[in-house]
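The next block holds one structure in the form of structure tokens; read it before the comments.
The values are calculated or read from the model by the stated rules, or taken from the named source; none is laboratory data. Everything numeric in this text was worked out from a predicted model, so none of it was measured. FYI the Cβ positions are ideal-geometry reconstructions off the backbone, even for glycines, and counts take in every protein chain you see.
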Amino acid sequence: MSRSASTSAAPSSPQLKNDKLWLTSGLLNGQWTSGTATDTFEVINPGTGKVMGTLPDMGVEDVKQAVKHAHEALKSWRKTSETERAAILTKIFQLTTENHEDLAQIITAENGKPLADARGEITYGASYFSWFAGEAVRNYGDVIPSATKGVQNTTIKQPIGVCGIITPWNFPNAMVTRKVAAALAAGNTVVLKAPAETPYSVLAMADICRQAGVPDGVINVITTSKHTADVGKEMCENPLIHKISFTGSTRVGKILMSQSASTLKKLSFELGGNAPFIVFDDADLDKAVAGVIACKFRQSGQTCVCANRVYVQDGVYEAFTTKLAEAVRNFKVGEGTGEGITHGPLIHQAAVDKVHSHVEDAVKNGAKVVIGGKKVDLPGYFYEPTVLTEVNSCAIDNEETFGPLAALYRFKTEEEVIARANDTEVGLAGYFFTENISRLHRVAAALEVGMVGANTGAISQAAIPFGGIKESGFGREGSKYGLQDWQNIKLISIGGL
Ligand code: SIN
């Protein structure tokens with residue numbers, strides 16, 4: 001296998017058992033290469049603020065090349081059987097499991113999340129390969145009763161073709177595997193733009209895919225920072241790409257959607273959320289606190305499905321606040337590799353500044369700081385896990401904080417809280433806690449979101465249809481529905497029978 005000439009890592013890069021997983025360039029047609037890049041960009045470890053490595057800043061010409069290779073590779077890859085593809089996906093799962101610790105170390109170094117969370121992410125990410133290995137071999141079509149005598153209608157499901165994939169930095173491995181596993185299972189080839197903040201996890205995954213037998217050209221990876229917007233535009237406008245799958249902000253989703261209009265691409269977008277988390281008077285408060293910790297503070301609040309607005313009913317407001325503050329006080333914040341660290345840094349300084357501006361804005365509008373509320377004086381990009389009470393009419397109402405800030409709103413009635421929870425343009429996830437079974441069904445049906453967690457704050461797994469409604473996007477990833485987002489359904493109507 002040809003690798004980039006320089007595989008040496010910066011002093012602050014992770015120490016790996018298998019240093020072959022440390023890749024320092026893009027991947028085009030099975031070759032590790034800088035493409036036409038004349039410049040490099042730095043990747044920063046957010047837990048230390050130090051440079052952990054540099055990568056080529058690839059551009060539009062490299063996307064065009066990648067698409068040509070993917071288009072060429074498609075000719076034979078689409079003809080492989082589902083069973084062959086399932087065997088390769090199973091092998092990817094095995095190799096990911098064998099390299100579990102190294103892959104987790106890479107995540108912690110470039111994303112900052114604590115090692116325990118990074119290990120959990122690799123397990124989660126790998127599960128998409130085993131899941132879609134299973135789905136691939138159950139790629140059934142239909143036989144449809146015909147209205148016309150002597151005609152038989154059948155459907156088959158075929159790959160879409162070359163697919164463009166754009167992934168975020170908050171789950172550097174799992175957001176790649178969720179898309180790539182389904183894309184490959186369906187027989188597509190891909191051109192992947194790695195996030196500038198966390199590209200090493202993407203490159204390592206791509207290498208594992210190749211080791212598992214994914215042929216040259218089936219997966220191509222572009223590394224870029226300065227040319228991100230142009231690379232995205234080329235992916236959306238290139239006529240040989242037939243689908244774009246994107247996880248990221250609603251703002252960028254709208255740009256990509258308009259750019260994709262000229263070639264009418266199939267799109268799957270998992271965009272921003274503003275998840276309500278409702279605690280009713282009849283909730284089990286200990287379970288609700290555990291739920292909000294899992295949901296609000298996972299990955300230091302940097303997930304699209306994180307609770308953003310925590311609504312607590314009047315009768316339990318004080319009791320819930322006390323229990324939550326107690327739990328948050330036990331967090332240990334620091335560099336993700338540190339012993340006992342429960343919460344890592346944010347991804348960059350702008351993220352820290354945004355959380356602080358949300359705190360200041362809430363306080364200006366009457367909120368009180370129960371715990372936290374300040375930047376942490378450590379190298380890297382840390383913010384204190386924060387709990388605010390009496391939050392009302394502030395930026396958090398409409399904007400995702402994407403940080404470790406639990407904003408507690410007070411409410412009186414079920415009707416009122418449903419109206420407030422739904423009063424937003426987005427609808428990814430929503431959560432609530434109640435011990436009343438009728439209320440459970442009523443509220444689950446009423447929340448305008450793609451995913452509901454009732455009496456749980458942790459919903460993610462390969463088996464569920466992950467995705468949103470409203471301005472949180474469309475399409476579903478994972479689950480039995482996840483494969484069809486990467487397929488075309490073709491009708492074959494046979495006459496003269
Ligand atoms: C996301 O934040 O976009 C994904 C989170 C998850 O898969 O749980």
Report yes if Asn139 is in contact with a helix residue (DSSP H, G or I) (Cβ under 7 Å, 6 or more places away or on another chain) and within 16 Å of the ligand (Cβ to nearest atom), otherwise no. no
Can you spot a residue in the stretch 157-166 that is within 16 Å of the ligand (Cβ to nearest atom) and either free of Cβ contacts under 8 Å to residues at least 60 places away in the same chain or surrounded by fewer than 21 Cβ atoms within 10 Å (Cβ to Cβ) (or both)? no
Please work out which residue is farthest from the ligand (Cβ to nearest atom), limiting yourself to the stretch 294-352 and to residues that are in contact with an Asp or Glu (Cβ under 6 Å, 6 or more places away or on another chain) and part of a helix (DSSP H, G or I). Gly315
When you go through Ala181, Ala186 one by one, which is the residue that is farther than 18 Å from Ile222 by Cβ and more than 16 Å from the ligand (Cβ to nearest atom)? Ala186
If you take the residues in the stretch 244-258 that are in a helix (DSSP H, G or I) and within 16 Å of the ligand (Cβ to nearest atom), which one is surrounded by the most Cβ atoms within 10 Å (Cβ to Cβ)? Gly253
Looking for whichever is under 26 Å from Phe41 (Cα atoms), in a strand (DSSP E or B) and at pLDDT 95 or above here; the options are Ile208, Ile222. Which one fits? Ile222
Per the list (1) crowded, with 19+ Cβ neighbours inside 10 Å; (2) within 24 Å of Gly273 (Cβ to Cβ), residue check on Glu335 breaks on (2)
Take Thr189 and tell me if it is closer than 27 Å to Ile44 by Cβ and at pLDDT 95 or above. no
Give just the number: which of (1) surrounded by 24 or more Cβ atoms within 10 Å (Cβ to Cβ); (2) more than 16 Å from the ligand (Cβ to nearest atom); (3) part of a helix (DSSP H, G or I) does Ala261 not satisfy? (1)
All conditions in (1) crowded, with 24+ Cβ neighbours inside 10 Å; (2) without any contact (Cβ under 8 Å) to a residue 40 or more places away in the chain are true of Val143 except (1)
Within the stretch 148-163, does at least one residue satisfy the condition of being part of a loop (DSSP other than H, G, I, E, B) and under 30 Å from Pro239 (Cβ atoms)? yes
Of Met175, Met205, which residue is within 13 Å of the ligand (Cβ to nearest atom) and not small (Gly, Ala, Ser)? Met175
Any pair with Cβ under 9 angstrom, 6 or more apart, that starts in the stretch 361-378 at a residue that is at positive phi and at pLDDT 95 or above and ends at one that is assigned to a loop (DSSP other than H, G, I, E, B) and of a type in the set (A, V, I, L, M, F, W, C): Gly366/Val391; Gly366/Cys394
